[in-house]
Structure formats: C-alpha cells, structure tokens
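The values are calculated or read from the model by the stated rules, or taken from the named source; none is laboratory data. Just so it is clear, the structure is predicted and the values come from calculations on it, not from any experiment. Every residue, glycine among them, receives a Cβ derived from its backbone with ideal geometry; neighbour counts consider all protein chains shown. To get the accessible areas, we keep the full protein, side chains included, count just its heavy atoms, and leave off ligands, DNA and RNA. Shrake-Rupley method; radii C 1.70, N 1.55, O 1.52, S 1.80 Å.
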Amino acid sequence: MAQKLFLTVISFAGFLLASFTSWANEGVDAVIEKVRSPSYDCPSQSLLPELEDALALESISKQQHFALTVAKGQFLICRGKYEEAESLLLKAIMQNDIDRGSYAFASAIYQIGFSYDARENPARCKYYQQAQALSSPERHSDIYTSSSLGLINYCSDSTEPGIRLGKMFGVLKRYSDNGSPGELAHIHNAIGLLYGSLEQHALAAEQYLKAHEMGLQVYKGSNKVSIIISAIVSLISSGQTERAYQSILELGTLNSEIDTPLTNFLYQYALSIYHRKTKDYSSLAYTLPDLEKATANISSSLGEMLVAWHKAELCLHENDLNCIEEYLAEVESTNTAAIPRVFQSNLDYLSFNVAMYMALGNMERAKAALELYSKEVTKRRELTQDSALIIGAANLYTRIYDLESAIEQAEQRRKNTLYTAVIIFLLLGSITGYVLRRKHLARKAIDPVTQLLNANSAIARINKLDAPKKGRAIAIAIFDISNLRDITRKMGSTQSDKVLRQIAQTLQNVTRGNDILGRFGTEQFILCLHNIEERSARQFFDRVQNALDNTFENEASSEHIVVESQMSVFIANEKITGLNDILDDIAMSIDMGNRTDNR
C-alpha cells in the first residue's frame with residue numbers, strides 16, 4: 001500500500017514538473033518572439049533584461065537557448081559591440097543539434113557578416129552568401145534582402161558597376177509597391193552605399209537622407225541614427241558642410257532622446273570629423289575628450305584609431321613634433337592588417353601622413369606617403385571620370401527618381417480622386433438635403449387649399465418681427481367671412497375650395513410682398529403689417545376689407561354674391577409679446593360681434 005502511494009506521489013510530481021516545464025517553455029517562446037527584430041532594425045534595448053532572464057532559465061530547450069543567444073547578438077551589434085557579438089554568434093552556430101533551417105540560424109549567419117562588414121573585413125562576403133542561401137523572398141525575406149544588398153555592394157568586385165546598379169534597381173522595384181518604410185529605408189541606404197563606392201557622394205547623401213526619413217517611421221533605439229551618420233559623412237565629402245551641420249544637429253537631438261553608448265559615439269564621431277574637415281581645431285580639441293570617452297564605452301578599435309589620428313592632427317597643427325613622432329611610432333608598431341581599410345584609402349588620412357613626415361623633415365618617408373596619396377587620387381579620378389560609371393549612376397538615379405515619382409503620383413492621384421469623390425458626394429448630399437428640407441418646410445408652412453401661410457407659420461413669422469421704428473407700429477387684422485356657407489351654397493357645394501382660393505387670391509392682390517398673410521381658421525384670414533403708421537394701417541385694412549367684400553362682384557351668377565366679413569384690428573408700437581393671447585382676444589371679439597349681428 002505504501003509503495004503504491006509513493007508511486008502515485010512520484011507520478012503526480014512528474015506531471016506537475018512536465019506542466020511547469022511546458023508553461024515555462026511557452027513563456028520563453030513569447031520572449032523570443034518579442035525580442036525578434038528584422039535584420040535591418042534594432043530591438044528595443046529595454047527588452048534586454050527580459051532576454052537575459054530567459055537565457056538564465058535551466059528548463060529551456062537547446063533551440064530556445066540558441067534563438068535567445070542570436071537575439072542577444074543583435075542587441076550587442078546595435079550597441080556597437082561588434083567583436084563581442086561576433087564571438088558570441090560564432091560560438092553559437094558551432095553547436096550540434098540546432099535547427100539550421102530556422103530563422104534564428106539564418107539571422108546568426110547574417111549578423112556575423114554584418115559584424116565583419118562594420119569593420120570592412122572581407123570575410124563578410126562568405127556569410128552574406130550563406131545567409132542568402134538560407135533564405136528567400138518568401139522565407140526569412142528580411143534576411144534575404146539584407147544579405148542580397150550586402151552582396152551587391154561589397155562582394156561583386158568582378159561585376160561591372162552598371163550591372164550592380166541594375167541589380168540594386170531591381171531590388172527597389174520589387175519592394176516599391178508594397179514595401180514597408182523599414183524595408184525601403186534599408187534599400188535606399190544600400191543604394192547610398194553603392195553611390196558612395198562610385199564616389200558619387202552627393203547622390204549618396206540624398207539616398208541616405210531619404211532612407212533616414214523613412215526609417216524614422218519604424219526604427220527604434222540606436223537604429224534611428226545609423227543612417228544619418230552616413231548622410232553626414234557623404235555631405236561632408238561632397239562639400240555640403242552646412243547641410244552636414246544641420247544633420248549633425250538632428251543627430252544630437254536624436255542622441256539626447258535615445259542616449260545609448262553607440263549613439264553617443266556616433267554623435268561625437270560626426271562632430272569630430274566635421275571639425276577636422278572644416279579645420280576648426282579649437283572645436284576639435286574641445287570635442288575629442290568626449291569622443292575618447294564614447295569610444296571606450298563601446299570598445300571600438302576603429303574609434304580608438306580615429307581618436308589617435310585626431311590627436312595627432314592637433315599635434316601637427318600646434319607643431320608638436322614629439323607628439324607626432326610618438327603617434328607614428330605607435331602606428332608603425334601596429335600590424336598593417338589591423339588598420340581599417342577606411343584609413344588606408346582615406347585621402348584626408350593619406351595627406352595627413354605626408355604632412356607629418358614633411359613636418360619632421362623626413363623627405364624619404366614623405367615621398368613614399370605622397371606616392372600612396374597620388375595612387376589613391378589617380379584611382380579615384382579614373383573611377384569618377386569613367387563615363388560608363390557616371391552614366392550608369394545617372395541612369396540609376398533617373399530610374400529610381402522616375403519610379404518614386406510614378407509611385408507618388410499614382411498614390412496622389414488615387415487620394416485626389418477619392419477626396420474629390422467624397423467632396424462631390426458630400427456637396428450633392430448637402431444640396432439635396434437642403435433642397436428637400438426647404439421643400440418639406442415649405443409644404444408644412446402652406447395651407448393646401450388657399451396656398452397662403454397656415455396659421456402656425458403666420459404666427460411664427462409675426463413673432464420674429466423686430467420692434468417697429470419710432471412713430472410706427474405693428475398692425476394685425478383678422479378677417480372673418482361670416483357668410484362663407486351661403487356663398488358656397490350659391491356657387492355649388494362642390495366649389496368650397498374654389499371659393500376659398502378666390503378669396504385668398506383677392507387678399508394677395510391687394511397686399512404687399514413684405515406683408516404677412518395667412519389662413520387663420522376655417523373661415524378666417526390674418527394679415528400683419530410691419531413698420532407702418534397707425535393711421536395708414538387702419539386705412540389699408542379698410543381697403544383690404546372692401547376688396548374682400550367685392551371678391552365675387554364680376555362673377556357670372558343668377559344671384560349677386562357679396563362677401564360679408566368682420567374685421568378685428570390690433571396695433572402695437574413695440575415688439576409683440578404674448579401673441580397667442582392677443583389673437584385669442586381678437587378672435588373672441590369677432591365671435592361676440594357675430595353673435596350681436598345674429599340677434
């Protein structure tokens with residue numbers, strides 16, 4: 001019995017452990033999905049602690065551990081820690097029993113290539129090729145696009161530049177219809193790199209700025225400044241120093257918002273090369289300590305060499321020969337392979353070497369440095385003067401511009417058509433509604449038999465009248481047709497509506513356009529005169545009643561028909577209030593008059 005109970009407890013514990021492991025693994029999968037970012041973007045740095053916590057769990061699977069490690073590599077790259085990321089990722093992909101068809105594996109391969117790319121290491125091409133082979137436009141499309149752009153830009157030395165330009169255009173065309181801002185920014189950035197390699201720095205700067213503008217819509221963290229730094233370098237290289245400075249100010253604003261070690265380095269880097277290029281040595285000396293500090297925070301060998309170079313620039317400016325000799329001794333003791341290619345081909349750096357040796361009086365070394373400088377200048381002159389390259393670059397620019405313009409124009413036409421249709425629909429709807437409402441209100445305001453205002457409409461208009469001018473009045477008269485039934489009997493019982501319309505027509509003929517005339521009751525009509533002298537009003541009402549009584553004077557009938565009407569008048573010298581009570585009193589006086597006559 002005890003043994004059976006023990007086995008039951010063990011089984012239950014195993015079930016709980018399995019359930020907990022399953023729940024924990026689901027949580028880790030959620031973290032992997034959360035920290036995953038496209039190859040051309042950076043994950044939010046605020047997610048790194050959550051990633052580290054997940055990595056520390058003992059229950060995670062080997063593939064989960066691998067995916068988290070790859071994500072950490074991308075975090076490191078986005079912080080500028082390329083060597084650390086490279087070491088971590090190379091170790092990760094060497095493991096057995098990991099899924100080499102997964103997104104994480106393709107991402108690791110691409111990131112290794114990118115870390116080499118950041119230091120211009122030719123080994124990048126091997127990894128870009130492998131990353132491209134592991135992906136496709138349908139599968140891991142971001143990695144496929146990024147690795148393809150890298151291969152076009154850096155790994156096609158044997159391909160004619162015109163072909164490279166055509167390939168780049170093909171990539172842009174593929175994404176132009178439905179590419180996201182992040183993808184398009186990535187492509188424009190790559191086009192900028194290609195223009196830069198052809199010494200077309202003005203065109204490169206334009207592409208970088210366009211990529212930066214698009215990237216700001218989606219990029220997060222340090223990736224917001226990764227493209228604008230390229231734009232700044234190209235602007236400076238093409239002599240657009242004022243635009244470069246404006247971009248540096250924007251970079252400074254972004255850096256103050258993001259404030260990561262990498263963005264701090266890029267901002268200080270941009271400032272230093274701007275001051276060096278404009279020969280503002282006092283500002284260069286002021287910013288160098290900040291650049292040195294920022295470089296130490298990201299452990300960048302390129303940054304360290306740049307700091308040393310700029311310090312030596314200041315020494316040369318101040319003619320500090322001992323400082324220059326120390327710098328040259330340090331450079332000569334460095335392995336040539338460790339010097340970045342960007343230094344070996346940078347004309348500013350090469351001319352700086354010439355100036356240092358001349359300052360030291362070492363003409364032999366100065367001559368050798370001058371030969372290197374001249375060789376690079378000749379190489380670039382041949383590159384920029386190659387008509388095929390210039391025409392190819394111009395054609396690509398035109399095709400890209402035309403494609404972008406066509407896309408923008410089509411989108412604008414679509415929006416304009418939509419806006420026009422909506423505006424027309426709203427206008428037509430408003431006009432139709434207004435007309436229908438006016439017709440409806442007009443129908444409600446008119447007595448259908450006499451086509452005069454009905455009682456409610458006439459009263460509403462009288463209530464709206466302003467106070468009369470001084471010495472003038474508002475005069476109201478109600479006319480009661482006391483023998484309407486006799487008239488109808490004489491003209492025929494079917495002619496009642498005709499009788500009323502003829503009486504109404506008589507009233508319309510003798511009243512003015514601005515008078516308020518309406519049917520007040522079955523046998524009554526109301527007439528209101530505004531801003532009239534009291535005496536004139538009474539005379540006018542008498543004429544109206546006289547015309548009313550003679551309505552059927554010319555009627556061809558065996559019997560002479562005379563309209564018998566009673567009139568009651570109310571005159572006010574100020575704005576009328578309590579009109580309903582006034583009209584009740586007028587109607588009552590008419591009724592009393594009729595009763596007196598009947599007696």
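Does residue 114 satisfy the condition of being out of contact with any Phe, Trp or Tyr (no Cβ under 7 Å at 6 or more places or on another chain), assigned to a helix (DSSP H, G or I), open to solvent by 20 Å² or more (accessible area, probe 1.4 Å) and closer than 27 Å to residue 266 by Cα?
Numbers: out of contact with any Phe, Trp or Tyr (no Cβ under 7 Å at 6 or more places or on another chain): yes; assigned to a helix (DSSP H, G or I): yes; open to solvent by 20 Å² or more (accessible area, probe 1.4 Å): yes; closer than 27 Å to residue 266 by Cα: yes.
Yes: the conditions hold for residue 114.
The set of residues from the stretch 143-157 being over 32 Å from the mean Cα position of the chain (by Cα) and in a helix (DSSP H, G or I) comprises 151, 154. Does the stretch 444-477 hold any residues that are in contact (Cβ under 8 Å) with a residue 24 or more places away in the chain and of a type in the set (S, T, N, Q), and which are they? Scanning the stretch 444-477 gives 450, 451, 454, 457, 463. Taking only the stretch 543-553 into account, find how many residues are surrounded by fewer than 18 Cβ atoms within 10 Å (Cβ to Cβ) and either aliphatic (A, V, I, L, M) or farther than 11 Å from residue 510 by Cβ (or both). Within the stretch 543-553, residues that are surrounded by fewer than 18 Cβ atoms within 10 Å (Cβ to Cβ) and either aliphatic (A, V, I, L, M) or farther than 11 Å from residue 510 by Cβ (or both) number 3. Among the numbered conditions (1) of a type in the set (Lys, Arg); (2) part of a helix (DSSP H, G or I); (3) free of Cβ contacts under 8 Å to residues at least 12 places away in the same chain, the only one that residue 173 does not meet is (3).
Which one of these is assigned to a loop (DSSP other than H, G, I, E, B) and over 60 Å from the mean Cα position of the chain (by Cα): 488, 450, 494? Can you show your working first?
Numbers: 488 fails: assigned to a loop (DSSP other than H, G, I, E, B); 494 fails: assigned to a loop (DSSP other than H, G, I, E, B).
Only one candidate qualifies: 450.
Among the numbered criteria (1) in contact with a Lys or Arg (Cβ under 7 Å, 6 or more places away or on another chain); (2) free of Cβ contacts under 8 Å to residues at least 40 places away in the same chain; (3) more than 24 Å from residue 459 (Cα to Cα), which single criterion is violated by residue 494? Only one criterion is unmet by residue 494, namely (1).
Can you go through 72, 126 and tell me which one is farther than 24 Å from residue 303 by Cβ, part of a helix (DSSP H, G or I) and open to solvent by 30 Å² or more (accessible area, probe 1.4 Å)?
On the way: 72 fails: farther than 24 Å from residue 303 by Cβ.
Just one listed residue meets the conditions, 126.
Let's see how each residue does on (1) open to solvent by less than 70 Å² (accessible area, probe 1.4 Å); (2) within 18 Å of residue 83 (Cα to Cα); (3) part of a loop (DSSP other than H, G, I, E, B):
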| site | (1), (2), (3) |
| --- | --- |
| 284 | yes, no, no |
| 289 | no, no, no |
| 292 | no, no, no |
| 297 | no, yes, no |
| 304 | no, yes, no |
| 309 | yes, no, no |
| 316 | yes, no, no |
| 319 | no, no, yes |
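So, restricting to strands (runs of 3 or more DSSP E) that lie completely within the stretch 507-599, which ones have at least 2 residues that are modelled with pLDDT of 85 or more and small (Gly, Ala, Ser)?
On the way: elements: 516-521, 524-532, 565-572.
The strands (runs of 3 or more DSSP E) meeting that bar are 565-572.
All told, residue 523 meets the bar of being open to solvent by less than 90 Å² (accessible area, probe 1.4 Å), of a type outside the set (A, V, I, L, M, F, W, C) and over 60 Å from the mean Cα position of the chain (by Cα).
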